[in-house]
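Enquirer: Handing you this structure, nothing more for now.
The values are calculated or read from the model by the stated rules, or taken from the named source; none is laboratory data. Predicted model, so just to flag it, every value in this text is computed and none were measured. Backbone-built Cβ (ideal geometry, glycine too); neighbour counts: all protein chains shown.
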């Protein structure tokens with residue numbers, strides 16, 4: 001599961017690549033380590049065109065997995081969008097583009113520990129997008145905060161390609177790199193959009209150093 005990624009390209013790059021009409025994020029700083037349940041930029045459809053907003057990473061957990069739990073920590077990665085729980089958010093109103101410049105998968109080491117391995121585009125272009133979904137949801141994310149209403153997001157996963165699979169064989173995020181893919185994900189009927197749930201070609205990604213921390 002991808003539970004760590006980075007977004008360090010410029011705000012303007014996101015706006016141009018995703019054809020954003022309205023930017024509601026303010027002064028967006030570089031984000032070299034985005035973790036679950038934290039705020040990150042996403043692009044969604046709105047009445048006046050696409051808008052860039054901040055949202056909380058982790059979609060609502062299916063109720064069957066919450067029995068006996070007081071807190072919903074959210075689902076970051078969605079493998080089966082056709083299931084009953086996720087299907088309600090498959091329409092264009094709930095699809096989003098999640099900008100990234102690198103993502104991490106855990107490599108299991110021989111001593112039982114793990115370390116993050118980072119992947120980015122191999123063509124020298126930093127920016128790509130996860131194929132995401134979003135919703136507004138009321139739940140208890142942290143006991144100390146009580147019940148809150150949040151704009152939440154997660155993104156689809158698929159089979160790992162050879163590059164990612166060498167580190168994490170089970171899955172990789174669905175990543176969109178071409179303008180026509182962004183438009184299909186944001187505009188097309190669900191059957192066509194969900195055909196994008198496929199691994200990237202092996203030559204599109206490479207292993208990279210961890211993003212530089214700022215400050």
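Enquirer: Report, ordered by the first and then the second residue, all pairs with beta carbons closer than 6 Å, sequence separation of six or more or different chains, a first member in the stretch 148-168 that is under 18 Å from residue 106 (Cα atoms), and a second member that is in a helix (DSSP H, G or I).
Expert: Pairs found: 161/202; 162/202; 163/202.
Enquirer: A follow-up question, please. Can you tell me which residue in the stretch 106-126 is surrounded by the fewest Cβ atoms within 10 Å (Cβ to Cβ), limited to those that are assigned to a strand (DSSP E or B) and modelled with pLDDT of 95 or more?
Expert: 117
Enquirer: Out of all the residues in the stretch 173-183, which are touching a helix residue (DSSP H, G or I) at 6+ places or on another chain (Cβ under 9 Å), surrounded by fewer than 18 Cβ atoms within 10 Å (Cβ to Cβ) and not in a loop (DSSP other than H, G, I, E, B)?
Expert: Matches in the stretch 173-183: 179 only.
Enquirer: I would also like to ask the following. So, in the stretch 72-96, of the ones that are within 13 Å of the chain's Cα centre (by Cα) and over 25 Å from residue 167 (Cβ atoms), which residue ends up surrounded by the fewest Cβ atoms within 10 Å (Cβ to Cβ)?
Expert: Step by step, filter the stretch 72-96, then rank; the result is 95.
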